Amino acid sequence: MIEFVDVGKTFQSVSGPIVALRNVNLTIGDGEIFGIIGLSGAGKSTLVRCINFLEEPTEGRVIVDGEDLGQVGPKRLRQIRRNIGMIFQSFNLLEQRNVFDNVKFPLTLGRFDRKAADARVEELLTLVGLWDRRKSYPSQLSGGQKQRVAIARALATNPKYLLCDEATSALDPVATESVLSLLRHINETLGVTIVVITHEMHVIEKICTSVAVIADSEIKEVGKVADVFSDPKTRTAKELIMPDLVRYAGKKPGEIQFRLLFNGESSDMPLISALALETGVAVNIVYADTKNVDGKVFGRMVITLPAEKAENADKVTAFFDENHIKYVIETDDEDQSADDTTIAEVADDE
Amino acid sequence: MNSTLLLSTFDKIIRDWPYVVELFQKGEIAAALGITVWMVLLSVTFSYVLGLPVGIILYVTDKTGIKPNVVVNKILGVIVNIFRSIPFIILMVAFLPVAKSLVGKSYGNAAMVVMLVIGAAPYVARMVESSLKEVDKGVIEAAQSLGANTFQIIVKVLLPEARPSLMIGAIISTVTVIGYTAMAATIGGAGLGALAITQGHLRGHQAVIWTAVVLIVLIVQLIQEGGMWLVKKTDRRVRNENKRNKAQKNK
């Protein structure tokens, strides 16, 4: 288990102190794939580096499996690091070593039996599907292949944790998919707890179980992915998770707005037509972002009921309940009325 | 006017040629060449014995390095800068007592090697430091995340990853040292430079000077071109299409 207790990090720069993290409290449970999402500059890279103390927090404590990293000596810290693998956006492979030696590298840092190390490398390269490229050098590999080598290297010492710092941000969609599937496979088969840092929502959606939203050096929201993504509470989370929706689905006063969530429901039913036919209530679709995958719908849709028909809201909710459609009724909070604010402006006013 | 000057130089060289042949037959040219090569090899080796660790310490203790230490970094940096700012010809005479205490003589080839090391080691240190700075910080971070200690990072990551750049630095340093060896005559040393000055300049044999020049140019060319060939051959970052295709065929 990884625990952050009141963690803060302030960098000293020539132009004065820069706060990278403020008052972070977070618990990452074993076996989870924990996502941390935020825009660039939000502090997420600093946050993940606090887990293996590549960055030392200036306040608070980081506790890994009961050990306060701020209290252990350098030798113990290096041992703990061998239990926390890490992969990076720019792969960071040793350019002058071939694939085999890159994966073997962590096994040359401690006391490992040579033969056992070679066997371990074979096992890992087979796991990531690159055993036949073992003699290639990093410059001869594609981005996705490099990241898979990096994953194999990070797993060489059999770590309990794997940190991924924007691991798919430099990859094309196909390579991203393959790396994400591999990460999930590793989580499921080896039981490795994975912490994923990203600015891409689909990465979180695809593999994470829990998610923390970070902005302006603070954790804004934490929860199960399904909960946070279907009903983000904070303005920041909404901006990150559904920027288009926040920007375009402006709500007029008095209007009732329903946000519908589809997470694998059948796409057979013509939902909006059925709603109109069964309840006799006409609604307006103001936003939709749905995907049909193998006959199942994923995504979200926003429909509104005009102010003068507001009394029909009960009929609509009854229809949704009856058909097991998840929905959220948008409220008239202050946040929501500022629908034309850009992300940058939101970041400023908090 | 220039053309007449040029012609008279050529004329002298041709008239002097028998003297060059005589020196060659006496084995003096081969001896001078041998001494130059020997001095260069010895002084480059010792310059690296001193300069490589200093360069590594300069890199490691830098404020952006893996073990920042302002005091050590500043002290070493100042020492290196002082030695680098003294012109070699002055350094050579100023530090003759050091040579005497080290090799017993304050003149001759051995003393010259000491001088060359004093002159080149600080230069080598800066070359090494700048080569190490080229290594991607992310790779070092990755090694740290894998639990590598400072020594392991230096030996297993920094030096191998900086190898191509270190090799280029060694080529440049060697060529620079070759230039310095020509000053050996000043303190009674031998070699191609001394040959050009004593047999060529002082005795007025233009042909000897130009023979020495041609030989030095050849040595420099050999080291530069051969060295760069080796750098390219051993640098694994080079995207070699043939190698790549071969690797894929083997798949």
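The values are calculated or read from the model by the stated rules, or taken from the named source; none is laboratory data. Remember, predicted model here, so these are calculated numbers, not experimental data. Virtual Cβ from ideal backbone geometry, glycine too; neighbours counted across all protein chains shown. These accessible areas exclude ligands, DNA and RNA; they are computed on the full protein's heavy atoms, side chains included. Shrake-Rupley method; radii C 1.70, N 1.55, O 1.52, S 1.80 Å.
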Query raised in the report: From the backbone phi of segment A:252-269, what are the Karplus-calculated ³J(HN,Hα) couplings (6.51 cos²θ - 1.76 cosθ + 1.60, θ = phi - 60°) in whole Hz, Gly and Pro given as x?
Result: 7, x, x, 5, 10, 10, 10, 9, 9, 10, 10, 9, x, 6, 5, 9, 5, 7
Report summary line: So for segment B:108-217, using the alpha carbon gyration tensor with a ≥ b ≥ c as root eigenvalues (a/c under 1.5 gives rounded; past that, a/b versus b/c decides prolate or oblate), I'd call it prolate
Report summary line: Note: the protein assembly as shown, point scatterers on Cα, Debye, no solvent; log10 I/I(0) at q = 0.08, 0.10, 0.11 Å⁻¹ equals -0.75, -0.98, -1.09
Report summary line: Across B:146-155, the residue-averaged tally of Cβ atoms belonging to other chains within 10 Å stands at 5
Report summary line: Once A:T27 and A:M201 are pulled to full extension, the length gained, defined as 0.36 nm per residue separation minus their Cα-Cα distance, is 60.6 nm
Query raised in the report: Nearest 20 debye, what's the magnitude of the dipole of segment B:2-244 about its Cα centre given +1 on Lys and Arg Cβ and -1 on Asp and Glu Cβ?
Result: 480
Report task. Whenever you get a sec, compute what percent of the accessible area on chain A sits on carbon and sulfur atoms (1.4 Å probe). Result -> 49
Query raised in the report: Using the beta-carbon distance between B:A30 and A:V72 and R0 = 45 Å, what value does 1/(1 + (r/R0)^6) give for FRET efficiency, to the nearest 0.05?
Result: 0.10
Report task. Please sort B:114-127, A:27-40 by packing, taking for each peptide the average over its residues of neighbouring beta carbons within 10 angstrom, highest first. Result -> B:114-127, A:27-40
Report summary line: The rounded separation in angstrom of the Cα centers of segment B:141-172 and segment A:1-60 is 28
Query raised in the report: Is there a pair in A:K296/A:K326; A:K233/A:K296; A:K206/A:K296 whose C-alpha atoms are over 18 Å apart, and which pairs would that be?
Result: A:K233/A:K296
Query raised in the report: Across the residues of A:135-143, average count of Cβ atoms on other protein chains within 10 Å?
Result: 5
Query raised in the report: Do you know which residues of segment A:64-85 lose at least 20 square angstrom of accessible area in the protein assembly compared with their chain on its own, with a 1.4 angstrom probe?
Result: A:R78, A:R81, A:R82
Query raised in the report: So which trypsin sites (Lys or Arg not before Pro) in segment B:8-110 are both in a DSSP loop and have at most 11 other Cβ atoms within 10 Å of their Cβ?
Result: B:K26, B:K63
Query raised in the report: Under 5 Å between amide H atoms, partner at least 5 residues away or on a different chain: which partners does A:K326 have, H built in plane at 1.01 Å?
Result: A:L261
Query raised in the report: Can you list the trypsin sites (Lys or Arg not before Pro) in segment B:195-241 that are in a DSSP coil and have 15 or fewer other beta carbons within 10 angstrom?
Result: B:R203, B:R237, B:R239
Query raised in the report: Does chain B come out rounded, prolate or oblate, given a ≥ b ≥ c as the square roots of the eigenvalues of its C-alpha gyration tensor, rounded meaning a/c under 1.5 and, failing that, prolate meaning a/b above b/c?
Result: oblate
Report task. May I ask for the distance between the Cα centers of segment B:188-206 and segment B:208-223, given as a whole number of Å? Result -> 14
**Report entry** Exercise: per-residue mean of other protein chain Cβ atoms within 10 Å, A:158-167
**Finding:** 1
Query raised in the report: What's the longest piece of chain A with no exposed trypsin sites (Lys or Arg not before Pro), counting a site as exposed if DSSP puts it in a loop and it has at most 15 other beta carbons within 10 Å?
Result: A:234-350
Query raised in the report: Roughly how many Å² is the accessible area per residue of the protein assembly as shown, as a whole number, for a 1.4 Å probe?
Result: 49
Report summary line: Largest-first ranking of A:F319, B:F95 by accessible area, probe 1.4 Å, whole protein assembly kept, is B:F95, A:F319
Report summary line: iface B-A | buried accessible area, total | probe 1.4 Å | Å², round 100 | 2600
Query raised in the report: Rounded to the nearest 10 Å², what accessible area does A:L125 show when all protein chains are kept and the probe is 1.4 Å?
Result: 0
Report summary line: Using alpha carbon centers only, segment A:145-159 is separated from segment B:1-66 by a whole-angstrom value of 49
Report task. Take A:H324, A:H185 and sort them by solvent-accessible surface of the protein heavy atoms, 1.4 Å probe, largest at the top. Result -> A:H324, A:H185
Requested in this report: Please report, as a whole percent, how much of the solvent-accessible surface of segment B:51-164 comes from carbon and sulfur atoms (probe radius 1.4 Å).
Outcome: 68
Report summary line: Counting Lys and Arg as +1 and Asp and Glu as -1 over every other residue whose Cβ sits under 11 Å from the Cβ of A:V281, the net charge comes to -1
